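**Student:** Structure below; questions to follow.
The values are calculated or read from the model by the stated rules, or taken from the named source; none is laboratory data. Every value quoted in this text rests on a predicted model; they were computed, and no experiment measured them. No Cβ is skipped: glycine too gets one built from the backbone with ideal geometry, and neighbour counts run over all protein chains shown.
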Amino acid sequence: MEDNLNELLGNYYWTFDGEEYASQHTFENAFKSYMEDLDFDIPEQGRINLKEIAILLEYIDEEDEDHEVEFTLSADNDEFFAEIELLYKINNQVTKVLADQDKHFFEGLSLLEANNPPLYSLELGS
C-alpha cells in the first residue's frame, strides 16, 4: 500500500515510446518485460489511496517551446489506484507527445498541490 503520497511510483521504470496499450493486462506484460530487460526487480504491486489524481506534464518541444498539460485520471474502482493501473493510464495519456522528446523516461510523480484531487508533477528523465 502506498502510504507516502508525496512521491509516487519512484521504483517504477518506464519509457514513453509512443505505444498506447489496449488493455492494462497488455501494458503490465510490456512493463514486466521492460523491467526484466533492464535487470530491475519488478515492484510488488501496491495501491495508491486516491480515487482521482491530477497530473501536470511539462515538456519542451522540438522548437524549444515550453508546454504544460494538466489532466485528471480516475481509479477504475472509484476507491484507489493499483500502481500499475496508474502508470498504464499515464502512459496512454502522454506517450504520443513524449515519444520523440529527449526526456521521455518515467521517474515518478511528485506532489505539487494537496488539492482535491491532488496535483502531481510527472517527473521525466533522458
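**Student:** Give me the residue from region 7-16 that is part of a loop (DSSP other than H, G, I, E, B) and out of contact with any Ser or Thr (no Cβ under 7 Å at 6 or more places or on another chain) and, out of that set, nearest to residue 105 (Cα to Cα).
**Tutor:** First, the residues of region 7-16 that are part of a loop (DSSP other than H, G, I, E, B): 9-13, 16.
With out of contact with any Ser or Thr (no Cβ under 7 Å at 6 or more places or on another chain) added as a condition, the list becomes 9-13.
Details: 9: 13, 10: 12, 11: 13, 12: 10, 13: 8 Å.
Checked region 7-16; the qualifying residue nearest to residue 105 (Cα to Cα) is 13.
**Student:** Test each condition in (1) within 20 Å of residue 104 (Cα to Cα); (2) surrounded by 12 or more Cβ atoms within 10 Å (Cβ to Cβ); (3) aliphatic (A, V, I, L, M) for residue 38 and report the one that comes out false.
**Tutor:** Among (1) within 20 Å of residue 104 (Cα to Cα); (2) surrounded by 12 or more Cβ atoms within 10 Å (Cβ to Cβ); (3) aliphatic (A, V, I, L, M), the lone unmet condition for residue 38 is (2).
**Student:** Quick check: anything in region 68-80 without any contact (Cβ under 8 Å) to a residue 40 or more places away in the chain, of a type in the set (Phe, Trp, Tyr) and under 24 Å from residue 111 (Cβ atoms)? Quick ask: steps written out before the conclusion?
**Tutor:** First, the residues of region 68-80 that are without any contact (Cβ under 8 Å) to a residue 40 or more places away in the chain: 68-69, 71, 73-80.
Cutting the leftovers down to of a type in the set (Phe, Trp, Tyr) gives us 71, 80.
If we keep only those that are under 24 Å from residue 111 (Cβ atoms) too, we end up with 71, 80.
Looking through region 68-80, at least one residue is without any contact (Cβ under 8 Å) to a residue 40 or more places away in the chain, of a type in the set (Phe, Trp, Tyr) and under 24 Å from residue 111 (Cβ atoms).
Quick grid of which residues meet (1) modelled with pLDDT of 95 or more; (2) among the aliphatic types (A, V, I, L, M):
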position	(1), (2)
63	no, no
68	yes, no
78	yes, no
82	yes, yes
86	yes, yes
90	yes, yes
95	yes, no
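**Student:** Going through 91, 49 one at a time, which residue ends up being in contact (Cβ under 8 Å) with a residue 24 or more places away in the chain and surrounded by 14 or more Cβ atoms within 10 Å (Cβ to Cβ)?
**Tutor:** Going through 91, 49 in turn, the sole match is 91.
**Student:** Determine which member of the set 11, 6, 77 is touching a Phe, Trp or Tyr at 6+ places or on another chain (Cβ under 9 Å) and polar (S, T, N, Q).
**Tutor:** 11
**Student:** Name the single residue, out of those in region 1-37 being of a type in the set (A, V, I, L, M, F, W, C) and at pLDDT below 95, that is farthest from residue 121 (Cα to Cα).
**Tutor:** Checking each candidate, the answer is 1.
**Student:** Okay, next question. Out of 105, 71, I need the residue that is surrounded by 14 or more Cβ atoms within 10 Å (Cβ to Cβ), within 15 Å of residue 11 (Cα to Cα) and under 15 Å from the mean Cα position of the chain (by Cα). Which one?
**Tutor:** Being surrounded by 14 or more Cβ atoms within 10 Å (Cβ to Cβ), within 15 Å of residue 11 (Cα to Cα) and under 15 Å from the mean Cα position of the chain (by Cα) holds for just one of 105, 71, which is 105.
**Student:** From the list 83, 7, pick out the single residue that is of a type outside the set (A, V, I, L, M, F, W, C), within 22 Å of residue 119 (Cβ to Cβ) and under 11 Å from the mean Cα position of the chain (by Cα).
**Tutor:** Matching residue, one of 83, 7: 83.
**Student:** Tell me whether region 17-30 contains one or more residues that are hydroxyl-bearing (Ser, Thr, Tyr), in contact with a strand residue (DSSP E or B) (Cβ under 8 Å, 6 or more places away or on another chain) and either in a loop (DSSP other than H, G, I, E, B) or crowded, with 16+ Cβ neighbours inside 10 Å (or both).
**Tutor:** Let us first name the residues in region 17-30 that are hydroxyl-bearing (Ser, Thr, Tyr), namely 21, 23, 26.
Checking the rest, the ones that are also in contact with a strand residue (DSSP E or B) (Cβ under 8 Å, 6 or more places away or on another chain) come to none.
No; the residues of region 17-30 include none that is hydroxyl-bearing (Ser, Thr, Tyr), in contact with a strand residue (DSSP E or B) (Cβ under 8 Å, 6 or more places away or on another chain) and either in a loop (DSSP other than H, G, I, E, B) or crowded, with 16+ Cβ neighbours inside 10 Å (or both).
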